[in-house]
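Just so it is clear, none of the values below were taken in a lab; they were calculated from the coordinates. Computed from a predicted model, the values in this text were never measured in an experiment. Neighbour counts run over all protein chains shown; Cβ positions are idealised from the backbone, glycine included.
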Amino acid sequence: MSRPATKLIRQGAARVGFRHELHPSQWLQLRAALGDEPELDFLGLWAEQGAVHAAFHGADGLLLTTLPLAEASYPALSPVRPAAAWFERAVADLWGLRAEGGTDGRSWLDHGRWPAMAPLSARPQPNMAEPPQPGFLPALGEGVHQVPVGPVHGGVTEPGHFRFHVQGERVVRLEARLGYAHKGTLGLMRGKSPRAAARFAARISGDSTVAHSWAFAAAAEAALDLTPPPRAILLRGVMAELERIANHLNDWGALCNDAGFAWPQARCGVLREALLRAQEAAFGHRLMMDRVVPGGVSIDIARSGPDTLRAALAGIQAEFPALRRISEEQAGLQDRLAGTGVLHPALAGRFAAGGFVGRASGRDFDARRNRAYAPYDAVAFTVPVLRSGDVEARLALRMAELEQSLSMAETLLARLEPGETLLALPVQGGEGVALVEGFRGEVLCWMALDENGLIRACFARDPSWLHWPLLEAAMQNGILADFPLCNRSFNASYSGVDL
Amino acid sequence: MSDTPEPATDTGPPPPWTPLRQALAGLSWPPMLLPRLVRDLLRGPQTDPAPPVPEITVSALIERLDAAARARLGRSLAIRHVGSGSCNGCELEINGLSGVVYDLERLGLRFVASPRHADVLLVTGPACRNMTEAMQRAWHCAPEPRWVVAVGDCALDGGVFRDSYAVEGGVGQVLPVDLVIPGCPPSPGLMLEGLLALVEAQRDEDEVPAGMPPRAEPGFRNQG
Ligand code: SF4
């Protein structure tokens, strides 16, 4: 094991323990070295004024690297890490930095409708031009035609545009054009204290509000060298598992319903609603938004909270076996799910896909186990992994995870001891990074604070950054009518990537 | 060969329930589903009673719509959700409305797949600039009379995102809003209250308040 890329990054000047700065020539070498070290997982790429950062995860954990920039371009990583393409496009749109030699130079977040271009750069230029027409990758062949869908959809979902190139019913190419939900979140965080900016992190993707808030809080705590009180850590774990349960129930029901089998959705809906009401009784908010904050949790669990939550969890526990068996044995349902939207394990591995998407395609990674952060370092659980990579596998995996989360939530609730729940944050500079397993996969958050304790730069990477391009790949050669099922089985977040 | 041979004894005519059992077996239901369906039927609805509707909201809404329009809308409303860039928290709660617990349809409210079929545009999220044109197009597609309901604090005034370069502000910056349902996100119960107020506002066909202010028409930003 020579691990040339890891070695190269480690040779760079260490800015903080986990982040190394490279010279332009080293960055170029990194591109070649990454090709020779496919097992180094690419997590994300972003920028701040005057630098680009890239994050990796390998045998020795998280590794960040930085290229300080004098000009507005840098050598692209997408030729060796295809997942980098979406990030490079975003970096160009937000910071005006071009990826030299990148695989895709089209804009994505910037639709030409903001008052200024490169809004996060040092000198945003006013935008005078008319919004351009979007360009899509071509597909050639006899009888190929296009089907545009969105940004306003038929169901209750977030805005996004899908461009299908189809030949008959067969999908030759699917492209997701997103960015409609771009809210400028990263820009809003700058110059605020971590406490004040936490509400933006909580709203990066509402269904993962706990996971994003936790990753954000953990990055801030790492930057400030602070360990939240044990009770707060346990409560974070409880909330994260509840969030996973609620989301898995939701998509389980919806997926069955999309395939024409309505009964599981009715039952999952009843169970989920009972859980959301218990969450409101326990934490004062149905989705537990703004509960996890830097320094701990903003609100302690209500006195009756543990019992209320246990009752809701017991209701799910009681119905779970039958619900699962019925979903697994319904021939009509299986007929629609099995073999649909296959994501090949090789591709999932190359993209380092997280969460149930990756684990249903053989990628055995779960931040709760692989990084064993508290409180998961002291909880026993198994990480289910499947290899078939189809819609059925993604659903089966979520059922298996749900079962694990039910017992984890119980365990964590049982361990609650009276104590503090929130610490004050020191006012000082620092830099931190964190990886927290949300229901979709691991959420990465990196944060740099200036000497006044205000955010100089921050980046939050939802797992959906990797899932969107993989959804495109999984739809290739499928049929158009399977798209709703396939899309639901990935359930990537629009807002989570649009930022 | 896995086929088991027929037993030699004559068992006589089949019992009367055999055809039913065969028919059920032919449906290929998993063995556990049927008893559960029966149980669900017997235990009665799990649906919550509808919330009371605030009178003050209803009268405010009545003032916004003339009698002819009310008569045309009738006591049932078709709703089209339009996401203008929410964080998806509001969508989660809207989705809850169609579930068993809130069961929107029993109250004459239903979601439709296109703005062209809609009486109500239910808008979530701050008015993201990248969505402005799409929202206005959706609004123009919806036949008149139509309501615009802004759901959530973001839709109200941009919420936490109101100072962003990427956001116009609340949905009211882009479309004429008739009703706001605040919250982050508002609970399904609160949304149901607001939507029922819309249905109630169609109730009286007599009194038309005089001197209704004309509603402002939004325009496309990029089309003169
Ligand atoms: S109001 Fe709250 S839940 Fe709704 S879109 Fe805005 S931030 Fe999300």
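Is there a simple number for the mean count of other chain Cβ atoms within 10 Å of the Cβ of residues in A:262-274, and what is it?
4
Taking other Cβ within 10 Å of each residue's Cβ, how do A:E451, B:E91, A:E175 sort, fewest first?
In increasing order of surrounding Cβ atoms, one gets A:E451, A:E175, B:E91.
Given 4 °C and 1.567 mPa s, compute D for region A:185-498 with the Stokes-Einstein relation, Rh being the Kirkwood radius over Cα pairs; round to the nearest whole µm²/s.
66 µm²/s
State the answer as a single residue: which of A:N477, B:P185, A:A218 lies farthest towards the positive end of the charge dipole of the protein assembly as shown, with beta carbon charges of +1 for Lys and Arg and -1 for Asp and Glu, about the Cα centre.
A:A218
Go ahead and estimate [θ] at 222 nm for the protein assembly as shown from helices alone: -39,500 (n - 2.57) per DSSP H run with n ≥ 4, summed, over the residue count, rounded to 500.
About -12000 deg cm²/dmol.
D for region A:67-205, whole µm²/s, Stokes-Einstein with Kirkwood Rh over alpha-carbon pairs at 10 °C and 1.306 mPa s: what number?
Rounded to a whole number, D works out at 92 µm²/s.
Per-residue mean of other chain beta-carbon atoms within 10 angstrom of the beta-carbon, peptide B:128-139?
6
How big is the Kirkwood radius of region B:78-195, worked out from every pair of different alpha carbons and given in Å to one decimal?
Every distinct Cα pair counted, the radius reaches 13.8 Å.
Nearest-5 percent of antiparallel DSSP beta bridges in the protein assembly as shown?
Of those bridges, close to 70 percent are antiparallel.
How do the peptides A:464-475, B:186-197 rank, highest first, by the average count of neighbouring beta carbon atoms within 10 Å per residue?
Averaged packing, sorted descending, gives the order A:464-475, B:186-197.
Can you classify the protein assembly as shown as rounded, prolate or oblate using the Cα gyration tensor, where a ≥ b ≥ c are the square roots of its eigenvalues, rounded means a/c under 1.5, and otherwise it's prolate if a/b beats b/c and oblate if not?
Rounded, since a/c falls under 1.5.
For region A:4-126, what Kirkwood radius comes out of the mean inverse Cα-Cα distance, in Å?
14.6 Å
Kindly give the semi-axes, whole Å and largest first, of the ellipsoid equivalent to region A:1-44, taking each as the square root of 5 times a Cα gyration tensor eigenvalue.
Calculated on Cα positions only, the semi-axes equal 16, 12, 10 Å.
How large is Rg over Rh for region A:445-499, taking Rg from the Cα atoms and Rh as the Kirkwood inverse mean of 1/r across Cα pairs?
Looking at region A:445-499, the ratio lands at 1.25.
Can you tell me how region A:296-418 classifies by the Cα gyration tensor, rounded, prolate or oblate, using a/c under 1.5 as the rounded cut?
oblate
Which whole number gives the average, over all residues in B:77-84, of C-beta atoms from other chains lying within 10 Å of the residue C-beta?
Counting other chains' Cβ atoms within 10 Å and averaging over B:77-84 gives 4.
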